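Structure, as structure tokens:
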Amino acid sequence: MITHRPHGIEHPYATSPDQRVPVLPLIGEPVRLGVIVGADITRVVCEWDGTELELEPVKANSADTAALAGGEGHLSAAQAGALGGDGGWSVTTPPITTPTRYRFHTYTTDELTSPAASIAAETSPMAPAAAIDAAGEVSEWFEVAPASWGSDGGEVLGGGDRVRGVEWLRSANGVHRARFVLPLAAGDRLVGFGERYDALDQRGRQLDAVVFEQYKSQGVHGRTYLPMPFAHVVGSDWGFHVRTSRRTWYSSDDHALTVEVELGDEAMVDLGIYEGDATAVLKQFLDEVGRAEELPDWVFKLWASGNEWNTQELVMGRMDAHRDLAIPVGAVVIEAWSDEEGITIWRDARYEVTADGSAHKAADFEYRADGAWPDPKAMVDELHARDIKVILWQIPLQKTEFSTGQVAADAEAMVRDGHAVLESDGKAYHNRGWWFPKALMPDLSVQRTRDWWTEKRRYLVEDLDVDGFKTDGGEHAWGHDLRYADGKLGAEGNNLFPVHYAHTFGDLLRSAGKAPVTFSRAGFTGSQAHGIFWAGDEDSTWEAFRSSITAGLTAASCGIVYWGWDLAGFSGPIPDAELYLRAAAASVFLPIMQYHSEFNHHQLPLRDRTPWHVAETTGDDRVIPLFRQYAVLRERLIPYLTEQTARAIATDRPLMRPLFFDHPADEEIWNHPHQYKLGDDLLINPVLEPGATTWTTYLPAGDWIDAWTGEPVTGGAEVTREVPLEVVPVYAKAERWPDLAGVFS
């Protein structure tokens, strides 16, 4: 079999061995053509523009293989192999100047020396038998038309005089992209583009906006789960929004920002320009795309979870430990509750399979006394009695590797009844990514599938009284020509999938009379209106700590109000006590405070991020009392967080607020990019380096109070204070201090 896909698997940052590179070449540019063939093939030839090109076997590119596999992870090796990790065959063509057709021929022997000879061998009744046996396959024809940039081709709507140097990338097949320049002043800063981990100010960097699951080290790779084609131009006081869900690219220098936009059938770019300071810009943007709604104040309490808390006994044991150690906790996120096949039924439950894939009711299930979850309803009730809310994990995929049981019936119904995202040929799309490979994906672009998907989970909310869902994943749609039921193709619809996903589960909760508490990592423009977000997968390192704070500030600049991270990281060995406690202290002053730990196959030593396990592992007896102190402080902070969140939503001034919102003319703030305001009245400066005994904070002009000493401090200068582990530098506005002093006493 000859496998050649011009677009490959459409991983946005890596090429697969069966791909054409580039997919859309420029006139005068050579093209690399790749194929994957059977192990018995000894020769591959490409017919290209009337010539024969010999392909050579190649090893897989190690960087691409790692990217295709999702980096380090327990499924990465298997998925790398499934995606062509052993390599293939490739050839680089001469420069292409006109539209060209090409196809491939394979051979199992060198007896036949040309495609013409192989075709003759296949078709001539007089051809020798040995020659017929030697000939392999002939692929279908492929076409490629080179493109070039020019000044004619389409229209930019909006932008006015700010838009310069418009160009259009066109080929014989149409117009594919637009490119234009937005001039920048010398001191302008670029902030936004969704959640970004590498820098607050993106001036001078190259980036794009495409939803992607970068498994850890997002700050190194410059990739994000939650991009947006929106940014502030701080200094000249304006902002912009490329009104598209297609992929966009950005680069900037001393003079300008260059924007490139993928186009659809229409050669048109819709560009919004917003004039005014950062708050005015954000308000205009959110007026278009939607803004957050107020959630109940329990979301501000400590959230606790561990992927390996996979039984009722373990969950209750962890919550018992919180109680016994007097460490307040407000929500438990239960990840490993289901069979991890359909993510709808508690593991070990007894029930009858609904052969047509219809939803179960709570009364359909029996729970074994000796099972993993002997009584989920009683567990939820007990947790509620302790004032602990319950969040259940979800993934927007349907496994397909099972031939019997409910998951198989659901997969069959999903395809049969038209609820799956489709490939261009009308067949169901199977996930090409490294996590849950080959799974089906529900088409949540339309209400009928949203209803079908959530009806299977309704009993969890209405009968078991679950309070919310961790809407994990959402980055699994790869393919420019995928088909969605709302009429969009993949190039336009893929980035919107996580928005639909969180919206779908929020609506389920609303329909049962509950607040729409969803907890997502992926998103795009429009996600502002749908629940809570966290920064995704990260190691337990100081670097990850710093990049996560940056992620929160950039997300907030784009209108994400409820945001947090897995404090001190969730992956790898247990963090040392200093990193854990510094991260916990900082998380007290983030919109969401939560800890989590990654699946580690239940191997010893455990990797739980509970404070008592960190204390035991590190041997540091400061961990439990200090973590308790932070959690108690967080409880006292809830009234302030509730008040300030309502104000943030009403005014569009972020809750976790970069300093340029309040002090745009103060250039010194850019030398302190990890400082931020929490609401109107508190300035936070997390300790982000190991071994620190003092920490310097820049206080903008005004009168401030050191929240830990109650001493006044004059702004407009740096101030250095001692930072023992129980202290994260916090400064309050002097005029608000009488109302806040009790929080810190």
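No lab work stands behind these numbers, since they all come straight from the coordinates. Because the structure is predicted, anything quoted here is derived from the model rather than measured. Note that each Cβ is placed from the backbone with ideal geometry, even for glycine, and that neighbours are counted across all protein chains shown.
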Quiz item: How long are the semi-axes of the ellipsoid equivalent to the chain, from square roots of 5 times the Cα gyration tensor eigenvalues, in whole Å, largest first?
Solution: 47, 34, 23
Exercise. Using only Cα atoms, tell me the angle between helix 312-324 and the longest principal axis of the chain; keep it within 0 to 90° and round to the nearest 10.
Key: 30 degrees
Quiz prompt | Neighbour net charge for G371 - beta-carbon separation under 15 angstrom, K R +1, D E -1 | solution = -2
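Could you calculate the FRET efficiency of R347 with R736 from 1/(1 + (r/R0)^6), where r is the beta carbon distance between them and R0 is 45 Å, rounded to 0.05?
The pair R347/R736 has a calculated efficiency of 0.35.
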Practice problem: Give the angle, between 0 and 90 degrees and rounded to the nearest 10, that separates the Cα long axis of helix 497-511 from the longest principal axis of the Cα atoms of the chain. | Solution: 50 degrees
Quiz item: Taking K733 as the anchor, which lysines have their alpha carbon closer than 28 Å to its alpha carbon, excluding any fewer than eight residues away along the same chain?
Solution: K283, K301, K677
Exercise. Post the alpha-carbon centroid distance, the stretch 233-309 to the stretch 1-49, in whole angstrom.
Key: 35 Å
Practice problem: Please identify the longest segment of the chain free of exposed GluC sites (Glu not before Pro), where exposed means a DSSP state other than H, G, I, E or B and no more than 12 other Cβ atoms within 10 Å. | Solution: 402-745
Quiz item: By the scheme Lys and Arg +1, Asp and Glu -1, what is the net charge of all other residues having a beta-carbon under 14 Å from that of V23?
Solution: -1
Practice problem: Mind checking the full-extension length gain between F402 and A701? Use 0.36 nm per residue of separation minus the Cα-Cα distance, one decimal, nm. | Solution: 101.3 nm
Exercise. Can you check what the net charge comes to around M414, using other residues whose Cβ is under 14 Å from the Cβ of M414 (Lys, Arg +1; Asp, Glu -1)?
Key: -1
Exercise. Assuming R0 = 35 Å, can you tell me the calculated FRET efficiency for the pair D486 and E275, based on Cβ-Cβ distance, to the nearest 0.05?
Key: 0.60
Practice problem: Would you mind calculating the gained length between E711 and R323 on full extension (0.36 nm times residue separation, minus the Cα-Cα distance), in nm to one decimal? | Solution: 136.2 nm
Practice problem: Using only Cα atoms, find the angle between the long axis of helix 623-651 and the longest principal axis of the chain, and express it within 0 to 90 degrees, rounded to the nearest 10. | Solution: 80 degrees
Self-check item: Theoretical ellipticity at 222 nm over the chain - DSSP helices of four or more residues, -39500 (n - 2.57) apiece, nearest 500
Solution: -7500 deg cm²/dmol
Quiz item: Taking the Cα-to-Cβ direction at N61 and at D387 and moving 7 Å from each Cα, how far apart do the two end points lie in nm?
Solution: 5.6 nm
Quiz item: For the stretch 717-737 and the stretch 370-408, what is the separation of their C-alpha centers, rounded to whole Å?
Solution: 43 Å
Quiz item: What FRET efficiency would be calculated for the residue pair D375, V632, taking the C-beta separation as r and a Förster radius of 41 Å, to the nearest 0.05?
Solution: 0.85
Quiz item: Reachable aspartates and glutamates from K361, Cα under 13 Å, same-chain residues fewer than 8 places away excluded?
Solution: E352, E455, E462, D463
Practice problem: Consider all pairwise Cα distances in the stretch 148-289 and report the whole-number % of them above 21 Å. | Solution: 42 percent
Exercise. Using Cα positions and a limit of under 26 Å, work out the lysines in reach of K438, with same-chain residues fewer than 8 apart set aside.
Key: K59, K216, K399, K427, K456, K470, K488
